[in-house]
1. Would you tally the residues in segment 249-262 being touching a residue at least 60 places away in the same chain (Cβ under 8 Å) and surrounded by fewer than 20 Cβ atoms within 10 Å (Cβ to Cβ)?
2. Exactly one condition in (1) in a helix (DSSP H, G or I); (2) in contact with a Phe, Trp or Tyr (Cβ under 8 Å, 6 or more places away or on another chain); (3) near the ligand (Cβ under 9 Å from one of its atoms) is not met by ARG323; state its number.
3. Conditions: (1) surrounded by 18 or more Cβ atoms within 10 Å (Cβ to Cβ); (2) closer than 30 Å to ALA18 by Cα; (3) away from the ligand (no atom under 15 Å from the Cβ). SER318 meets all but one. Number of the miss?
4. State yes or no: is LEU235 open to solvent by 20 Å² or more (accessible area, probe 1.4 Å) and either closer than 16 Å to GLY202 by Cβ or not assigned by TED's automatic domain parsing to the domain that holds ASP57 (or both)?
5. Among ARG308, ARG295, which is the only one that is modelled with pLDDT of 95 or more and either buried (at least 18 other Cβ atoms within 10 Å of the Cβ) or within 9 Å of the ligand (Cβ to nearest atom) (or both)?
6. Within 18 Å of ALA142 (Cα to Cα) and not acidic (Asp, Glu), is that true of ARG216?
7. Could you look through segment 31-82, keep only residues that are on the phi > 0 side of the Ramachandran plot and open to solvent by 40 Å² or more (accessible area, probe 1.4 Å), and pick out the one that is farthest from the chain's Cα centre (by Cα)?
8. Give all pairs with beta carbons closer than 6 Å in which a residue from segment 25-45 that is within 19 Å of ALA209 (Cα to Cα) meets a residue that is more than 15 Å from the ligand (Cβ to nearest atom) and not acidic (Asp, Glu); count only pairs at least 6 apart in sequence or on separate chains.
Amino acid sequence: MRPPTSPYQRDPAPAATALARVRGQAPQIRANVRRLAAFANVHSCPTAAVAFAARVDTGKVLAGTSMEMPFGQSPFAIGRGVAFEALLRRHGHAELRRVLTEGLGTDFTLAAIENLREGYPPNRAGLRMRATVTRTRMAEIADGPAEPVVLDGAVLEADIGGLPAFFEADEMAIGVGGQILVGENKSWPVVDGRPTDEDALGAALDQAATYVLLGRRTLEQAGVDPVRMSDSVVLVTPRNTGLGPSLHRQDVASRIRRIQRLLTAVPDVLETAASTAQSVTFDVVADTTRPENERLQAFGDVTGELGRVYDPANCLTSCGFARACRQQLFTEADPAFVGGQVARALPGITSLSRVAELSRGAPASAVEAPAAAPLTRAGRLYDAIIPAHGHEQRRTA
Ligand code: SF4
């Protein structure tokens, strides 16, 4: 454990106050496995790091503005998910028992299936109680009971950036012969053995791999050898266009290693709180009673204060601020607008209009010099191969 280095690390209460100030009236979100995986894609951005530490729901802060991102599942997908889960649990989990028996080659007819979603209060205290039961049951499974065991709605507790967080899994954990398998239910179909959405499959496997990692930590806390958690996970999905479930087992060892590296990149909440200026808050940005231009101006002030690391490929899929950041970069003609790779190739150059000037041979400052020479060469090449019409357009641009 690191020694305390700031007043916040000696006393976490002011950190909570500081993070509440950063959040303001922005909607709060609990850390979950999907959000953790999304943050891992943009962890090098200071704005994203502060928003993550303050548990700001980036997908909702800009709600009601033209910069709101179209995140979230469609009502159809949510309805399908609910129906699929209900099908698996109906009649004492009959369908789940069948699909596990067929898919794992072990008879689950008499398996002990414990539903941890029922009988606990639907709040943080309830999650903590479920996490305690999960830890106890996992240790029991590792002892190799005679019949298979399934924990439906298991909860794992983990320290994320210095704060405790609870993660709720689907079938995690499935216990067979002393081994523990992570199981996830997904309602998108697998047609003729192929998922209809490869991205959704990747996200589901990342999710399951994160549970394996957290499950191993839980076993260690219980004094049990973490190798009891299998590297292979189970996905239960509908087969073809109906809801009839089928099971897929997949090795996620390489994903576990990658996610382990990414988890170490999660910012320490207390350090983030200590290093964030008093003026930084998403309060005005999230204030739906204010006009859009005021909210976007406030967003620009926050990102200007904290800094941004924009990469279209990651930002557009993983951060609710992507549209607003992209618009700001466009307005500022920032080279990052066209991607991090291009921006890195243009050190010292702060705008795309300056890129155009240098490509036309404008004198470069000392800081621009390394990128200026190749830009001027590229400009000459462009002039040589583009017909006169395009040539004139470039000169007058
Ligand atoms: S969209 Fe903006 S805030 Fe989010 S990660 Fe990208 S640059 Fe950072």
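The values are calculated or read from the model by the stated rules, or taken from the named source; none is laboratory data. Please read these numbers as outputs of a predicted model, since none were measured by experiment. Positions of Cβ are backbone-derived with ideal geometry, glycine not excepted, and every protein chain shown enters the neighbour counts. Only protein heavy atoms, including side chains, enter the accessible area calculation; ligands, DNA and RNA are left aside. Shrake-Rupley method; radii C 1.70, N 1.55, O 1.52, S 1.80 Å.
1. 2
2. Of everything listed in (1) in a helix (DSSP H, G or I); (2) in contact with a Phe, Trp or Tyr (Cβ under 8 Å, 6 or more places away or on another chain); (3) near the ligand (Cβ under 9 Å from one of its atoms), ARG323 misses just condition (2).
3. Of everything listed in (1) surrounded by 18 or more Cβ atoms within 10 Å (Cβ to Cβ); (2) closer than 30 Å to ALA18 by Cα; (3) away from the ligand (no atom under 15 Å from the Cβ), SER318 misses just condition (3).
4. When the stated conditions are applied, LEU235 does not pass them.
5. ARG295
6. Considered against the rule, which asks whether it is within 18 Å of ALA142 (Cα to Cα) and not acidic (Asp, Glu), ARG216 comes out as yes.
7. GLY64
8. ALA31/ILE160; ALA31/ALA165; VAL33/PHE167; VAL33/GLN207; VAL33/THR210
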